[in-house]
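Comments concern the structure below.
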Amino acid sequence: MLTVDALTKTYKTGDKALKAVAFTVPKGQVVGLIGPSGAGKSTLIRCINRLVEPTSGRVLLNDLDITALPGSGLRRARRRIGMIFQEYALVERLTVMENVLSGRLGYVGFWSSFLRRFPAEDIESAFRLLDRVGLMEHADKRADALSGGQRQRVGIARALAQDPELLLIDEPTASLDPKTSRQIMRLIVEICDERGLPAIINIHDVLLAQQFTQRIIGLRAGEVVFDGPPAALDEDV
Ligand code: ADP
Ligand code: ADP
């Protein structure tokens with residue numbers, strides 16, 4: 001479970017990007033995070049994994065208080081958080097399998113992963129993930145030989161390879177056509193359900209969020225202005 005408690009971020013510029021944001025996400029739940037540009041969505045995502053330092057408040061991931069960790073504990077904490085990006089952030093000239101294996105070291109510093117030998121169980125588990133996302137027969141292809149939808153599937157498998165306790169997902173479908181977007185959303189929601197993984201998806205497309213997520217959180221000017229089931233969402237949020 002993820003707990004965000006009275007989370008506040010005031011940038012040095014004076015911008016109050018988050019104002020006492022609070023919510024919890026139980027295991028297996030996928031939350032669609034929506035709101036106009038400048039609402040604080042990316043600040044929220046970045047405060048959860050502490051790419052941005054919150055000004056006050058707490059973020060708890062299961063037993064771990066992420067906001068209380070010293071810098072030295074952050075790397076380990078980030079390994080518990082899988083990230084999926086709009087532009088996939090794959091290493092283009094490496095294979096699909098190598099990209100997935102890079103997730104074993106977390107998404108930061110993945111270059112160093114190829115200096116290590118991966119144990120057989122890591123490779124078996126990477127094959128299982130590729131099978132789950134429908135890319136088994138593409139394991140040896142270079143990432144840059146794949147379509148956008150296939151690349152996002154690699155991004156999903158890579159995030160899962162680190163065995164995360166939370167997924168933070170930034171605009172996963174913004175570079176994809178509508179049909180592929182729906183397939184990717186469905187895959188994410190199914191996998192989170194299977195694994196009991198909580199997830200937050202920063203998503204521009206409100207209809208897509210309503211169609212696939214179980215819960216919507218609407219941010220505006222740093223405050224939660226909606227938190228509930230997709231069907232209850234007003235047009236003007
Ligand atoms: P922090 O308070 O987190 O240290 P800074 O104010 O030092 O953040 O800014 C960090 C980076 O974000 C800088 O590179 C800065 O140019 C950029 N930045 C500043 N203001 C904005 C803004 N309004 N929106 C997006 N990025 C900004
Ligand atoms: P969203 O992701 O919803 O578009 P952001 O989190 O990027 O919103 O921005 C929220 C607010 O914080 C905006 O007013 C933005 O200008 C400001 N902001 C974002 N990043 C920075 C930064 N690094 N430094 C100063 N202000 C920032």
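Given +1 at the Cβ of Lys and Arg, -1 at the Cβ of Asp and Glu and no other charges, the dipole of the chain around its Cα centre is 660 debye to the nearest 20. Given their separation in residues at 0.36 nm each and the Cα-Cα distance between them, D193 and Y11 gain 62.0 nm when the chain is fully extended. For the stretch 20-58, the residues whose amide N sits under 19 Å from a probe point set 7 Å from the Cα of S175 along the beta carbon direction are 42. In the calculated pair distance distribution of the chain, what percentage of Cα-Cα distances lie above 26 Å? I get 37 percent for the Cα pairs in the chain exceeding 26 Å. Pairs of Cα atoms nearer than 8 Å and 6+ residues apart set the relative contact order; for the chain it is 29 percent. Between D205 and A20, the contour length at 0.36 nm per residue exceeds the Cα-Cα span by 64.1 nm. With the convex hull of the Cα atoms taken as the outline of the stretch 1-92, the averaged projected area works out to 7.2 nm².
Springs between alpha-carbon atoms under 10 Å, Gaussian network over the chain: tell me which of L69, L197, L135 tops the mean-square fluctuations. Fluctuation is largest for L69. Exposed loop sites here are trypsin sites (Lys or Arg not before Pro) assigned a DSSP state other than H, G, I, E or B and surrounded by at most 13 other beta carbons within 10 Å; excluding them, the longest clear run of the chain is 118-237.
With r as the distance between the Cβ atoms of R58 and I123 and R0 = 41 Å, compute the FRET efficiency 1/(1 + (r/R0)^6) and round to 0.05. That gives a FRET efficiency of 0.60. Across the stretch 66-207, Cα-Cα pairs more than 25 Å apart make up 22 percent of the total.
Dipole orientation for the stretch 127-237: of the candidates I200, P229, L146, L146 has the Cα lying most toward the positive pole (charges on Cβ; Lys, Arg +1; Asp, Glu -1).
Taking other C-beta atoms within 10 Å as the exposure proxy, T43, T10, T173 rank T10, T43, T173 from fewest upward. Excluding same-chain neighbours fewer than eight residues apart, the lysines reachable from K179 by a Cα-Cα span under 28 Å are K27, K41, K141.
Based on C-alpha pairs under 8 angstrom that are at least 6 apart in sequence, the stretch 1-84 has a relative contact order of 32 percent.
FYI, it's all coordinate maths here, none of it is from the lab. Values in this document were obtained by computation on a predicted structure and should not be read as measured data. All Cβ positions, even for glycine, are placed from backbone atoms using ideal geometry, and neighbour counts span all protein chains on display.
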